[in-house]
Amino acid sequence: MGGSRAIVDEGWIDSSRQVGLTGKITRPGLYLAAGISGASQHMAGCSAAKTIVAINKDKDASIYRYARYGIVADCLDVLPELIKAIKA
């Protein structure tokens, strides 16, 4: 699990888990970008992922340029449903 600088700055996760230009570079098979805008600093850390799935309520968010799959919705509404589906 990783997060953007904004999430680190808010104290939700430790800075050692920050993804991006000033954080870690990651190359996972699947990168679930929940609420990520797609700023270039963040994308520098995750654009090498094999598959990016983006969830963002802004249909014009930059993340959709990188994502193979996109869900235009609030990630706080979508994530609980995804978790339910995975557990079922």
Exactly one condition in (1) touching a residue at least 40 places away in the same chain (Cβ under 8 Å); (2) part of a loop (DSSP other than H, G, I, E, B) is not met by Leu79; state its number. (2)
Taking Met43, is it part of a loop (DSSP other than H, G, I, E, B) and closer than 22 Å to Asp74 by Cα? no
Enumeration of residues in region 53-69 that are surrounded by 20 or more Cβ atoms within 10 Å (Cβ to Cβ) and either β-branched (Val, Ile, Thr) or touching a Phe, Trp or Tyr at 6+ places or on another chain (Cβ under 7 Å) (or both): Ala54, Ile55, Ile63
Hey, among the residues in region 37-52 that are touching a Lys or Arg at 6+ places or on another chain (Cβ under 7 Å) and more than 16 Å from Leu21 (Cα to Cα), which one's surrounded by the fewest Cβ atoms within 10 Å (Cβ to Cβ)? Thr51
When every residue in region 73-88 that is under 22 Å from Gly29 (Cα atoms) and aliphatic (A, V, I, L, M) is compared, the one surrounded by the most Cβ atoms within 10 Å (Cβ to Cβ) is Val78
Residue that is surrounded by the fewest Cβ atoms within 10 Å (Cβ to Cβ) [pool: residues in region 14-36 that are out of contact with any His (no Cβ under 7 Å at 6 or more places or on another chain) and assigned to a strand (DSSP E or B)]: Leu30
Of the residues that sit in region 37-70 and are under 11 Å from the mean Cα position of the chain (by Cα) and polar (S, T, N, Q), which one is modelled with the lowest pLDDT? Ser47
Quick check on my filter: what residues within region 9-36 are in contact with a helix residue (DSSP H, G or I) (Cβ under 6 Å, 6 or more places away or on another chain) and closer than 17 Å to Cys75 by Cβ? Ile13, Val19, Tyr31, Ala33, Ala34, Gly35, Ile36
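The values are calculated or read from the model by the stated rules, or taken from the named source; none is laboratory data. As the structure is a computational prediction, the values presented were derived from the model and not from experiment. Ideal geometry is used to build each Cβ from the backbone, glycine not excepted, and the neighbour counts take in all protein chains shown.
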